[in-house]
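The values are calculated or read from the model by the stated rules, or taken from the named source; none is laboratory data. Remember, predicted model here, so these are calculated numbers, not experimental data. Virtual Cβ from ideal backbone geometry, glycine too; neighbours counted across all protein chains shown. What goes into the accessible areas is simple: the full protein's heavy atoms, side chains included, and nothing from ligands, DNA or RNA. Shrake-Rupley method; radii C 1.70, N 1.55, O 1.52, S 1.80 Å.
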Amino acid sequence: MAPEGFFWRAAGSLSVQDKRGTQRTIKRMKRAAAKHLIERYYHQLTEGCGNEACTNEACGSSPGFQRMDNNAAAIKALELYKNNAKLCDPHPSKKGASSAFPENSAKGAHNFSACSNGKMNHKDLQPSREDFRDLNYLTEEKVYEILSLCSETEDYSPLIRVIGRVFSSAESLVQSFRKAKQHTKEELKSLQAKDEDKDEDEKETASGSSTAMEVEPEASASSGDGSSHGENNVQKLGPVEVSVDIEAVRRVYDRLLSNEKIEAAFLNALVYLSPNVECDLTYHNVYAADSNYLNVFIIVMENSNLHSPEYLEIALPQFCKAMSKLPLPALAKLARLWSQYGADQIRRLVETFQQLITYTVISNEFSSENLVNEDDGVVAATKCLKIVYYANVLGGDLDMDHNEEDDDEPIPESSELTLQELLGEERRNKKGPRVDPLETELGIRASDCRKPLIPFEEFINEPLNEVLEMDKDYTFFKVETESKFSFMTCPFILNAVTKNLGLYYDNRIRMYSERRITALYSLVQGQQLNPYLRLKVRRDHIIDDALVRLEMIAMENPADLKKQLYVEFEGEQGVDEGGVSKEFFQLVVEEIFNPDIGMFTYDESTKLFWFNPSSFENEGQFTLIGIVLGLAIYNNCILDVHFPMVIYRKLMGKKGTFRDLTDSHPVLYQSLKDLLEYEGNVEEDMMITFQISQTDLFGNPLMYDLKEGGDKIPVTNENRKDFVALYAEYMLNKSVEKQFKAFRRGFHMVTNESPLKYLFRPEEIELLICGSRNLDFLALEESTEYDGGYNKDSRIIKDFWETVHSFEQEQKRLFLQFTTGTDRAPVGGLGKLKMIIAKNGPDSDRLPTSHTCFNVLLLPEYSTKEKLKERLLKAITYAKGFGML
């Protein structure tokens, strides 16, 4: 058995030695797969496929087939495998039952193994003492009984045959390992005591209680090693009732999987089972007829060896395809059930599907001609991983109650017709933002989860991200056809860099669409052609000029906000190819967040800003700030914004709660936490009421009642939780309600049609807006390209990087600002920044210059390292404004 582990994580960046090891692993997998194919040929020769009209000459069911003994069949199976001969699928009339794993199949497999080793034992040809031919389903007790008999004779063939027969038949698995609906002795005693002590009315109540008591053991049996979060969520969402005894299944697997021969029976059975289950779900709608059909998937997924190499070639891909055919209610039920399992079991399920995805990706050569989107195994495994993802959310720490209310007024529609409306078509995006159907069925959102059972990062598959053609994937995402799968519909498997690329395509296409609409208007109505969102601003009056212009656009035609931004500084010659916009955003942010303006308060201890509840600015000003933030995302610009995480959670529709005070108001959080943990008499010792005090801009106290008549309601040990919740509600929501609603409204004016909320979690939104604070200049050096005669071995280039690496952190930020227009790293780090260093003539006294639009540094070939450092420091220290060279 190959060692277990997070194989998919490391595969993204393998060394040569690691790749050789991986290749050896793949070879072992292929050998295992070849063995299983040969065994299938063997079963086909000895027992046939079950189709009496089969035309395959190498099948035992073919009318003209000449019977052969087991030895001859084993030799013939090898020949068929070498010739890649036709392999029959099991016939529907006999699917999953005796045709797949007849009584002598396990024995035959043993004979094949012996024959291939050149040895035969007469004992192998003797029939077993007990065949258990009439056994069509299994229980834990029956498995142990058969195992005991086999241990006595040291012949496990009877057990192997039974496992083969039952685990290759959906009908048999559905009936296997059922729960016994019986009361425990304690329950019976309790019920008996109640019957003796209660009158007739109370007996009816006791009867109702006994019914409930029958359900609770079933729910607990299915919950496995559930966590406290899972138990709390069961109370919120209701227990999941299934008829299979999951704990019994786990115990059986633990006993049997240590035996290699028995494990092979599970593997072979799964190969036969999966196509039939897929057929049942696709054509016969079996789940609607019997919801217990889900037991098949519950039982099979408890096999802890599913992610081992032997399963990855054939068995697991086929089973994933079958699972992906489950109807939506079944997927939701499976997610709810798995959510009760706990972190260890969720991680095992994640490993299973991730191993399959990674194995398939690294053993194939995917490209723009051979898309990973078209690989059925990878697609099916990703769909199955989605079930585990939502189970991870459901089983985590959920906050489903604190949701922001929608805006009272809808975002104004453009007065102009869109291109689709001009052509007589209705806009696709009027149906609202995309929502995952499984999310709707479960009644939860990923943003409802405060802390999942396992980190969301474990669902990201780096090798998949590396081979994904994002332009094609985005096309499939927008077209929404069943024939083409998009991994953007499963954003949990994508890293922030890949999702950001998808968002970039979406934004650019919207910009081009608005440009085409503008061109059409200029032709049809004779309007002036204005394909860009043009802002002409004075550097000394940047807030007045920008906000007034944006306010006019927001009122007259909000659709113009979705045009490509083009900024021009009055009196400067710079052409905006991206760099001018970067500086515009930086200057606007510096002005807006200036504490002297009073729109935001600044916390020196956390270095974070918060809305000023006493601000004199009107709501329109906060709306415009939201527009600026949205425009930065829309135009792929990074902002130097310092908000606590609760702001991004609120933008995603979640209200702030007590735990959000940890980073927004840490001193207050600690005080309230001490209040909750205080062991003395709160009322007598602290003497506080439900009235709190705040200060305005001028330091004057403002009193606020958390409850009506709050100044007369003391905080006690009994009501202190209520006090803390109301205090946090006031600080994070009510006190800044007007300011935040206006801010959110402006943000949504730009991003309302974007897949932003669908693709990103709150912490990823922050990364998208602010960039990464981790500056890895070694990664930047590795990714930098050279032009004009320079290369990485040039003397001046070596001097340049030695100089840059010696800079202080603040100097490095200034260098980034000078070269790229921002002092933050993009999503994915500096390694994703494509900087170019080009030669700008021989040695001279000229300063280095840059094209921030294209991240190009123009560097003269200075004669000495000292001169290079002096000229570079002067350039990055006094760099402001744009000019034409």
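Which FRET efficiency value, to the nearest 0.05, do you get for K536 and E619 by plugging their Cβ-Cβ distance into 1/(1 + (r/R0)^6) with R0 = 25 Å? Don't jump to the answer; show the numbers that get you there.
Details: r = 26 Å, r/R0 = 1.03.
Computed FRET efficiency for K536 and E619 comes out at 0.45.
On a 24 Å Cα-Cα criterion, which of the cross-link pairs K654/K738; K562/K582; K478/K655; K712/K741 come out too long? Present the calculation step by step, with values, prior to reporting the outcome.
Working: K654/K738 16 Å; K562/K582 17 Å; K478/K655 31 Å; K712/K741 32 Å.
Violating the 24 Å limit, Cα to Cα: K478/K655; K712/K741.
Provide the solvent-accessible area of L316, counting protein heavy atoms only and rolling a 1.4 Å probe, rounded to the nearest 10 Å².
Ignoring ligands and nucleic acids, L316 comes out at about 0 Å².
What is the log10 of I(q)/I(0) for the stretch 245-390, computed with the Debye formula using one identical point scatterer on each Cα and no solvent, at q = 0.17, 0.20 Å⁻¹?
The calculated log intensity ratios at q = 0.17, 0.20 Å⁻¹ are -1.01, -1.38.
Over the alpha-carbon set of the stretch 269-350, work out the extent along each principal axis and list the three values in angstrom, largest first.
Cα extents, longest axis first: 33, 29, 15 Å.
For the stretch 438-445, in order, what is each residue's ³J(HN,Hα) by Karplus, 6.51 cos²θ - 1.76 cosθ + 1.60 with θ = phi - 60°, in whole Hz (x at glycine and Pro)?
Each residue's phi maps through the Karplus curve to give 5, 4, 5, 4, 7, x, 9, 10 Hz.
Heavy atoms only, probe 1.4 Å: what % of the accessible area of the stretch 571-687 goes to carbon and sulfur, would you let me know? All intermediate terms of the calculation are to be shown ahead of the outcome.
On the way: 2330 of 4880 Å².
Using a 1.4 Å probe with all protein chains present, the stretch 571-687 comes out at 48 percent carbon and sulfur.
Over 27 Å apart: what share of the alpha carbon pairs of the stretch 687-826 falls there, rounded to a whole percent?
Details: 5539 of 9730 pairs.
So the pairs more than 27 Å apart make up 57 percent of the total in the stretch 687-826.
With 5 Å bins from zero, work out the P(r) of the stretch 642-731 over every alpha carbon pair and list the percent per bin.
Spelled out per bin, shortest first, that is 3, 13, 20, 22, 20, 13, 6, 2, 0.
Could you report the stretch 787-885's accessible area per residue, 1.4 Å probe, as an integer in Å²?
On the way: 4900 Å² over 99 residues.
Here the per-residue accessible area is 50 Å².
Skipping prolines and chain starts, which residues have an amide H placed within reach, meaning under 5 Å, of the one on L565, given they are 5 or more residues away or on another chain?
Amide H neighbours of L565: L533.
For the stretch 741-800, what is Rg from Cα atoms divided by 2.2 N^0.38 Å, rounded to two decimals?
Numbers: Rg = 19.6 Å, N = 60, 2.2 N^0.38 = 10.4 Å.
Here the answer is 1.88, to two decimals.
Which value, in Å² rounded to 10, gives the accessible area of T481 with a 1.4 Å probe and all protein chains present?
Accessible area, nearest 10 Å²: 60 Å².
Among residues other than L639 whose Cβ falls under 14 Å from its Cβ, what is the net charge (Lys/Arg +1, Asp/Glu -1)?
Local net charge: -3.
What's the carbon and sulfur percent of the stretch 711-851's accessible surface, probe 1.4 angstrom, rounded to a whole number? Don't skip to the answer; put the middle values down first.
Numbers: 2940 of 6150 Å².
Accessible surface attributable to carbon and sulfur in the stretch 711-851 totals 48 percent.
Mind grabbing the accessible area of T440 for me, 1.4 Å probe, Å², rounded to tens?
Approximately 90 Å² for this residue.
Can you check what the net charge comes to around D722, using other residues whose Cβ is under 11 Å from the Cβ of D722 (Lys, Arg +1; Asp, Glu -1)? Please report the intermediate quantities before stating the final value.
Details: positive: K707, R720, K721; negative: E718, E729.
Summing Lys/Arg as +1 and Asp/Glu as -1 gives +1.
Taking a 1.4 Å probe, which of F658, F167 shows the most accessible area, and what order do the others take after it?
The ranking, largest first, comes out as F658, F167.
7 Å from Cα along Cα→Cβ at both V667 and L873: what's the point-to-point distance in nm?
It is 3.8 nm.
Between Rg and the Kirkwood Rh of the stretch 599-655, both from Cα atoms, what is the Rg to Rh ratio?
On the way: Rg = 12.2 Å, Rh = 12.7 Å.
Checking Rg against Rh, the ratio lands at 0.97.
Taking amide H positions as placed 1.01 Å from N in the peptide plane, with prolines and chain starts having none, which residues 5 or more places from F600, or on another chain, fall under 5 Å of its amide H?
N612
Over the stretch 469-622, with the other protein chains present, what is the accessible area per residue in square angstrom, probe 1.4 angstrom? It would help to have the intermediate numbers written out before the result.
Values: 7390 Å² over 154 residues.
Value for the stretch 469-622: 48 Å² per residue.
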